[in-house]
1. Please list, in order along segment 116-127, the HN-Hα scalar couplings obtained from phi with the Karplus expression 6.51 cos²θ - 1.76 cosθ + 1.60 (θ = phi - 60°), rounded to whole Hz, x for Gly and Pro.
2. So what is the diffusion coefficient of segment 38-169 in µm² per second by Stokes-Einstein at 10 °C and 1.306 mPa s, using a Kirkwood Rh over Cα pairs?
3. How far apart, in nm, are two points set 7 Å out from the Cα along the Cα-to-Cβ line at N265 and at A345?
4. What number comes out for the charge environment of L128, summing +1 per Lys or Arg and -1 per Asp or Glu over other residues with Cβ under 12 Å away?
5. What list of ³J(HN,Hα) values in whole Hz, one per residue of segment 154-171 in order, does the Karplus curve 6.51 cos²θ - 1.76 cosθ + 1.60 (θ = phi - 60°) give from phi, with Gly and Pro shown as x?
6. What list of ³J(HN,Hα) couplings, whole Hz, do you get for segment 219-230 from phi and the Karplus terms 6.51, -1.76, 1.60, once you set θ to phi - 60° and write x for glycine and proline?
7. Report the number of Lys pairs in segment 225-318 whose alpha-carbons are under 26 Å apart, with separation of 8 or more residues or on distinct chains.
8. Can you list residues from other chains, or at least 5 along the same chain, whose modelled amide H is less than 5 Å from the amide H of C206?
Amino acid sequence: MFNFFFLSISAAQIGPPGLELQSTDGIVKVKVSPPEANQRKKMWINDLNFKYNLVFWENSSHAQLRNKNIFPVDTIDDLAPNSTYCFKVQANLPMEGKQGWFSPISCVKTTQKVEDLVCATNLSVLALNMNFHLLWDNQEQQDVTYNVQYLLGYLKKLNDDYSDKWLGVPSCENITDTGCNFSSIITTTAFYYLRVQARQGHNKSCLSREVKVDPLKTNGIGPPGVRLDLSDTLLHILISPPGGAEDEVMRDNYDLSYRILYWKNSSDKEEEVQQKEVKQTIATVSDVSPSSLYCVKVQAFSKPYNKSSAYSQQQCIHTPAGTPLPLFIFGIFMGALLVVLLVAASLVFVFYQAYNKIKYVFFPSCQPPLNIEGFGAQLFSSPYLAAAEEPVESCCVIDSMVTEEGNQTDFTDYKHSKQSSRDSGNYSNDDNTAGSKGSKEALEKEMV
């Protein structure tokens with residue numbers, strides 16, 4: 001069933017649409033009805049997918065065919081007055097590559113256009129950086145007021161009459177100027193038609209011709225802003241997008257790129273202009289010469305829309321006098337070497353101090369003096385410890401007295417005398433001991 005339906009669609013042909021003509025005030029109004037408009041069962045479900053190709057020519061011996069893609073309800077102007085024109089229309093489906101049959105030929109005679117001096121003429125749109133202005137001429141009439149009206153473009157794609165769908169632009173009603181800013185109604189997701197209604201007094205009114213506005217196509221790109229900066233041997237180019245850095249519509253919808261022209265502005269010789277293209281708003285030019293004047297100008301462009309801006313105003317900057325390169329490199333080398341030496345010296349000093357502290361705590365270097373190294377049996381006395389009490393010798397001296405009467409010998413005991421010496425090891429009591437022994441022997445001989 002599905003295959004049969006698919007084959008039916010692919011083999012089906014688009015029938016001729018309906019065509020209605022109306023001639024008024026030098027123009028011809030055209031109304032097209034889609035194929036199968038009066039049929040209950042339809043092969044083509046969505047009539048809005050049709051695109052209509054109108055072919056018309058003047059009914060004369062030197063006829064020349066003219067083609068125009070039109071909406072279901074449209075107008076044809078630029079026709080010679082009081083002349084007969086013939087029309088036929090074709091419905092197509094471009095997405096499917098199908099072309100329909102032409103409608104039967106219909107002819108109509110144009111009328112003489114009434115020149116109304118009240119009407120606004122020569123409508124034009126001036127748009128730059130998403131600021132839209134509508135301008136027109138007033139044919140030098142006095143006491144004329146104007147109302148600018150707009151129509152959402154998609155309404156013309158419908159098969160219905162849109163004559164009552166026109167709306168007034170809020171800031172452009174009952175004005176006497178021949179221009180107004182209609183940016184307040186603009187979005188980037190729609191397209192519009194504008195016209196001007198002129199009034200003189202209470203009864204006389206005239207509608208101008210329509211002008212189409214497709215915002216992203218109609219809008220022009222203004223020149224970007226440029227600022228220059230220097231660092232060492234680099235020239236920095238700082239770019240502000242058209243409309244300012246806060247203008248997101250320009251930045252987000254146009255996918256902007258920037259064409260940069262820069263050159264060395266020298267009076268003695270003409271320098272070649274250099275060019276570079278960037279996507280970012282910051283660009284860098286390297287190896288600029290010292291004590292030189294460099295000039296820059298920038299252009300913004302959009303490849304998807306094939307649009308470009310005018311170049312920005314020329315900006316120039318003077319580079320400072322530079323240091324000779326070898327001396328500059330030598331200075332950098334010496335500075336780096338000095339830093340390395342200072343860091344190395346600091347590390348050595350820190351490690352040396354840490355080594356001394358560790359050695360002092362865990363491996364003390366205190367040794368006994370050389371003059372007491374032989375006395376291994378004696379304990380080394382620290383000067384910070386209390387000295388032990390040295391032994392004290394008791395000595396006794398006996399004096400003898402011999403009397404004649406009884407050969408009696410009296411021994412007189414003397415008090416014990418205590419001597420103590422705290423010399424450093426040079427004290428000796430050998431002599432005193434020998435003396436005591438000799439005194440005792442002499443005393444025994446006398447007693448005998």
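No lab work stands behind these numbers, since they all come straight from the coordinates. Quantities reported herein were computed from a predicted structural model and do not represent experimental measurements. Note that each Cβ is placed from the backbone with ideal geometry, even for glycine, and that neighbours are counted across all protein chains shown.
1. Taking θ as phi minus 60°, the curve returns 10, 6, 7, 4, 6, 10, 6, 5, 8, 10, 10, 10 Hz for segment 116-127.
2. 86
3. A separation of 5.0 nm, rounded to one decimal place.
4. Taking every Cβ under 12 Å from that of L128, the sum is 0.
5. 5, 5, 6, 7, 7, 8, 8, 6, 10, 4, 9, 9, 6, 10, x, 6, x, 8
6. Here the 3J(HN,Hα) series is 5, x, 9, x, x, x, x, 9, 9, 10, 8, 10 Hz.
7. Summing the qualifying lysine pairs gives 11.
8. A198
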